[in-house]
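Okay, structure first, notes after.
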Amino acid sequence: MKEKFYITTPIYYVNADPHIGHAYTQVAVDALCRYHRMLGHEVFFLTGSDEHGEKIEEASLKAGFQKGEEKRFVDTIVSNFKDVWKKLDISYDNFIRTTDARHKKVVQDFLRKMKEKDDIYQGEYNGWFCTPCETFWTDTQAEDELCPECKRPLERLKEKNYFFRMSKYQKWLVDYINDNPEFVMPDFRKNEVLGFLKEGLNDLCISRPKERMSWGIELPFDEDYVVYVWFDALINYASGFNKEHSSDKFWPADFHMIAKDILRHHAVYWPIMLKSVGMEMPKTVFAHGWWKMGDQKMSKSRGNVANPVELVEKYGVDALRYFLLKAISLGLDGSFSEDALVGIYNCDLANDLGNLLNRTLTMVEKYFDAEAPEAPEDPVDPEQAKRSDGLRDAVIKLFPRIKECLLTPKLLTKEALEEIMSVVGKANKYIEESAPWKYAKEDNIEAIKLILADLLEVLRVTAIASAPFIPLTAQKMWEQLGLSGNLVEAVNVEELTGEKDPLNWRKFPQGTKVSKGDPLFPRIL
């Protein structure tokens, strides 16, 4: 049986087009999924769109649609999201929409089970509500009548509604989080959740009267109400299965990847909802940081967003993917600027990776008529042997280190890329120290053979290692190296996990015809 891997992104609110923050989550999850697929695992990558609630209703009216035409409005925005994910080369397996019939059925099934368990009751809500955040707040939390998250004015609500008995499960959740240290990651986010739970849980208002807001899923036991949008949205992780990816096969999720501002919903509301209906918990809720412009969170409402499509058109899809994954450690905040993107592009991709491929293939063309040479059995001198062995040792350690980064709940994507670029840097240094041009002056072809055999092997391994992160570039490298077929299909899993030693060192196929193409990443001036 293949090992299963189920990972989700949040479903994005479709009141406006996606920005770089959305792209960041998608690219991180996509890289992890590609890595697991290369390991031979059976992967289910779920993403989607959150299409109900007051914000959507308001955005629809603002866009010129009539009341009752919200579905037509969200259809246009959803297509934009899918177009952006295609441009970013996101390999999701299913796109769930909260307007899907299957989702509606699962949401109503959840509600029925909770009602039967007496976990839902009717009462009066008297408190604060933030429409932009779709979040309820107590008097204590609503300091100065402003939303604690977005700092915008709150609306005072007093109306009859349905409530979910979250308070009933507070002790259970605290114990569960303490007993399962990898349930909320990174560790400091777990501490945030436990701190929130210490304040005490209130029961959650989970409905909206239709007379005030009708764009939502009806409660199965009271047609005068629709479901609170967050309660509706979270259930997508259980409703988003299809014929190929069934819940029996993939549940529970290995990772819910989210941004830190929706941690409470995923680490408090969602596990309690699952507990109420008797479903198994996800293994890890991972909260990554925000991308900021200066010292402000990037958000659609502030208008300080970067457009991922424009960046792809300007710099290329893999350049953007690489920047998002390399610039900050997953879990921490980062400050976005095009200057920072260009800096990383020139340093890592143009000067290091692209330069290594170009220099190596140029020498293979020059000295061996573009055919990969056979490595000699022995180096020409002790210094050459020392340099070659050092490069070999760095390459042998590469795949196990990537595995340590990506197969733990810490999800060290930046650190994995640093490992790859460390090997690339060592290979460039190897060229300078080995100085094959000096051997050429001495007509010492055997020495040059060893240098180029080593470098071709480094490039082969680098292409494989970088494939989850910059897949189009990795395939281009593979083709320029003269290696046939699809890179991913050619991967040896034992090699990728570091279980195969010594990685066929210096056994790059002799006689392979390399084909130097255009520079992978032309330097940006």
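Can you give me the number of residues within the range 78-119 that are modelled with pLDDT under 95 and in contact with a Lys or Arg (Cβ under 8 Å, 6 or more places away or on another chain)?
Qualifying residue count, the range 78-119: 1.
Can you find a residue in the range 123-139 that is over 21 Å from Trp290 (Cβ atoms), at pLDDT below 85 and among the acidic types (Asp, Glu)?
Yes.
Rundown of residues vs (1) in contact with a helix residue (DSSP H, G or I) (Cβ under 6 Å, 6 or more places away or on another chain); (2) farther than 30 Å from Tyr225 by Cα, yes/no style:
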| site | (1), (2) |
| --- | --- |
| Glu3 | no, yes |
| Val29 | no, yes |
| Tyr35 | yes, yes |
| Lys62 | no, no |
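Between Glu457, Glu479, Glu446, which is acidic (Asp, Glu), closer than 24 Å to Asp348 by Cα, surrounded by fewer than 22 Cβ atoms within 10 Å (Cβ to Cβ) and in contact (Cβ under 8 Å) with a residue 12 or more places away in the chain? First the steps, then the outcome.
Values: Glu457 fails: surrounded by fewer than 22 Cβ atoms within 10 Å (Cβ to Cβ); Glu446 fails: closer than 24 Å to Asp348 by Cα.
Residue meeting the stated conditions: Glu479.
Got a number for residues in the range 422-452 being more than 19 Å from Lys507 (Cα to Cα), in contact with a Phe, Trp or Tyr (Cβ under 9 Å, 6 or more places away or on another chain) and hydrophobic (A, V, I, L, M, F, W, C)?
1
Which ones in the range 400-432 are of a type in the set (Ser, Thr, Tyr) and not in a helix (DSSP H, G or I)?
Initially, the range 400-432 is screened for residues of a type in the set (Ser, Thr, Tyr), giving 408, 413, 422, 430.
If the condition is that a residue be of a type in the set (Ser, Thr, Tyr) and not in a helix (DSSP H, G or I), then Thr408 is the only one that fits.
Picking from Val488, Val493, which residue would you name as being touching a Pro at 6+ places or on another chain (Cβ under 9 Å) and either within 21 Å of Cys347 (Cα to Cα) or β-branched (Val, Ile, Thr) (or both)? Don't jump to the end; show me each part of the working.
On the way: Val493 fails: touching a Pro at 6+ places or on another chain (Cβ under 9 Å).
One residue alone meets the criteria, Val488.
All but one of (1) at pLDDT 85 or above; (2) over 22 Å from Leu219 (Cβ atoms) hold for Glu145; state the number of the condition that does not hold.
Glu145 satisfies every listed condition except (1).
Can you find, within the range 51-97, the residue that is surrounded by the most Cβ atoms within 10 Å (Cβ to Cβ) among those that are of a type in the set (Gly, Ala, Ser) and on the phi < 0 side of the Ramachandran plot?
Within the range 51-97, the first condition is being of a type in the set (Gly, Ala, Ser), and the residues that meet it are 53, 59-60, 63-64, 68, 79, 91.
Now drop any that are not on the phi < 0 side of the Ramachandran plot, which leaves 59-60, 63, 79, 91.
Working: Ala59: 19, Ser60: 23, Ala63: 13, Ser79: 11, Ser91: 16.
Per the criteria, the residue is Ser60.
Could you check how many residues of the range 482-499 are farther than 14 Å from Ala31 by Cβ and surrounded by 14 or more Cβ atoms within 10 Å (Cβ to Cβ)? Explain how you work it out, then say what you get.
First pass over the range 482-499, keeping only residues farther than 14 Å from Ala31 by Cβ: 482-487, 489-499.
Filter once more, keeping what is surrounded by 14 or more Cβ atoms within 10 Å (Cβ to Cβ): 482-483, 487, 491, 495-498.
Looking only at that region, the number is 8.
Kindly indicate whether Asp378 is more than 29 Å from the chain's Cα centre (by Cα) and either on the phi > 0 side of the Ramachandran plot or modelled with pLDDT of 95 or more (or both).
Details: more than 29 Å from the chain's Cα centre (by Cα): yes; either on the phi > 0 side of the Ramachandran plot or modelled with pLDDT of 95 or more (or both): no.
Considered against the rule, which asks whether it is more than 29 Å from the chain's Cα centre (by Cα) and either on the phi > 0 side of the Ramachandran plot or modelled with pLDDT of 95 or more (or both), Asp378 comes out as no.
Given the conditions (1) at pLDDT below 95; (2) among the hydrophobic types (A, V, I, L, M, F, W, C); (3) surrounded by 15 or more Cβ atoms within 10 Å (Cβ to Cβ), report the number of the one that Leu412 does not fulfil.
(1)
Without any contact (Cβ under 8 Å) to a residue 60 or more places away in the chain and under 20 Å from Ala394 (Cα atoms), is that true of Ala416? Spell out the reasoning first.
On the way: without any contact (Cβ under 8 Å) to a residue 60 or more places away in the chain: yes; under 20 Å from Ala394 (Cα atoms): yes.
In short, yes.
Kindly provide the set of residues from the range 375-394 that are part of a loop (DSSP other than H, G, I, E, B) and closer than 16 Å to Tyr439 by Cβ, ordered by number. Steps first, please.
Start the filter on the range 375-394 by keeping residues that are part of a loop (DSSP other than H, G, I, E, B), which leaves 375-381.
Across the range 375-394, the qualifying residues are Ala375, Pro376, Asp378, Pro379, Val380, Asp381.
Thr8 - would you say it is in contact with a Phe, Trp or Tyr (Cβ under 7 Å, 6 or more places away or on another chain) and either in a helix (DSSP H, G or I) or assigned by TED's automatic domain parsing to the domain that holds Asp232 (or both)? Spell out the reasoning first.
Working: in contact with a Phe, Trp or Tyr (Cβ under 7 Å, 6 or more places away or on another chain): yes; either in a helix (DSSP H, G or I) or assigned by TED's automatic domain parsing to the domain that holds Asp232 (or both): yes.
Yes; evaluated as a whole, the condition is true for this residue.
Taking the residues in the range 133-181 that are assigned to a strand (DSSP E or B) and among the acidic types (Asp, Glu) as candidates, determine which candidate is farthest from the chain's Cα centre (by Cα). Lay out the reasoning, then the answer.
Our first condition is that a residue be assigned to a strand (DSSP E or B); within the range 133-181, this holds for 135-137, 146, 153, 155-164.
Filter again for among the acidic types (Asp, Glu), leaving 155, 159.
Working: Glu155: 34, Glu159: 39 Å.
For the range 133-181, the residue satisfying everything is Glu159.
Scan the range 51-66 for residues that are in a loop (DSSP other than H, G, I, E, B) and free of Cβ contacts under 8 Å to residues at least 60 places away in the same chain and report the count. Even if it seems obvious, please write down each step before you answer.
Of all residues in the range 51-66, those in a loop (DSSP other than H, G, I, E, B) come to 51-53, 63-66.
Of the ones still in play, those that are also free of Cβ contacts under 8 Å to residues at least 60 places away in the same chain are 51, 63-66.
Qualifying residue count, the range 51-66: 5.
Is it fair to say Asn191 is in a strand (DSSP E or B) and either more than 20 Å from Lys275 (Cα to Cα) or in the same structural domain as Arg102 (by TED's automatic domain parsing) (or both)?
no
If Asn178 satisfies every condition in (1) over 29 Å from Gly127 (Cβ atoms); (2) in contact with a strand residue (DSSP E or B) (Cβ under 9 Å, 6 or more places away or on another chain); (3) at pLDDT 95 or above; (4) surrounded by fewer than 15 Cβ atoms within 10 Å (Cβ to Cβ) but one, which is the exception?
Tallying (1) over 29 Å from Gly127 (Cβ atoms); (2) in contact with a strand residue (DSSP E or B) (Cβ under 9 Å, 6 or more places away or on another chain); (3) at pLDDT 95 or above; (4) surrounded by fewer than 15 Cβ atoms within 10 Å (Cβ to Cβ), Asn178 fails exactly one: (2).
Between residues in the range 359-379 that are in contact (Cβ under 8 Å) with a residue 40 or more places away in the chain and residues that are assigned to a helix (DSSP H, G or I) and among the acidic types (Asp, Glu), which pairs lie under 7 Å by C-beta distance while being six or more apart or on different chains?
Pro376/Glu446
All but one of (1) buried (at least 16 other Cβ atoms within 10 Å of the Cβ); (2) at positive phi hold for Lys151; state the number of the condition that does not hold.
(1)
Is it the case, given these coordinates, that Phe65 is in contact with an Asp or Glu (Cβ under 8 Å, 6 or more places away or on another chain) and of a type in the set (Phe, Trp, Tyr)? Even if it seems obvious, please write down each step before you answer.
On the way: in contact with an Asp or Glu (Cβ under 8 Å, 6 or more places away or on another chain): no; of a type in the set (Phe, Trp, Tyr): yes.
No; evaluated as a whole, the condition is false for this residue.
Does the range 271-289 include one or more residues that are among the charged types (D, E, K, R), in a helix (DSSP H, G or I) and farther than 27 Å from Met1 by Cα?
To start, the set of residues in the range 271-289 that are among the charged types (D, E, K, R) comprises 275, 280, 283.
Applying the additional criterion that residues be in a helix (DSSP H, G or I) yields 275.
Going one step further and asking which of them are farther than 27 Å from Met1 by Cα, we end up with 275.
Yes: the range 271-289 contains one or more residues that are among the charged types (D, E, K, R), in a helix (DSSP H, G or I) and farther than 27 Å from Met1 by Cα.
The values are calculated or read from the model by the stated rules, or taken from the named source; none is laboratory data. Worth saying up front: this structure is predicted, and the values here are computed from it rather than measured. No Cβ is skipped: glycine too gets one built from the backbone with ideal geometry, and neighbour counts run over all protein chains shown.
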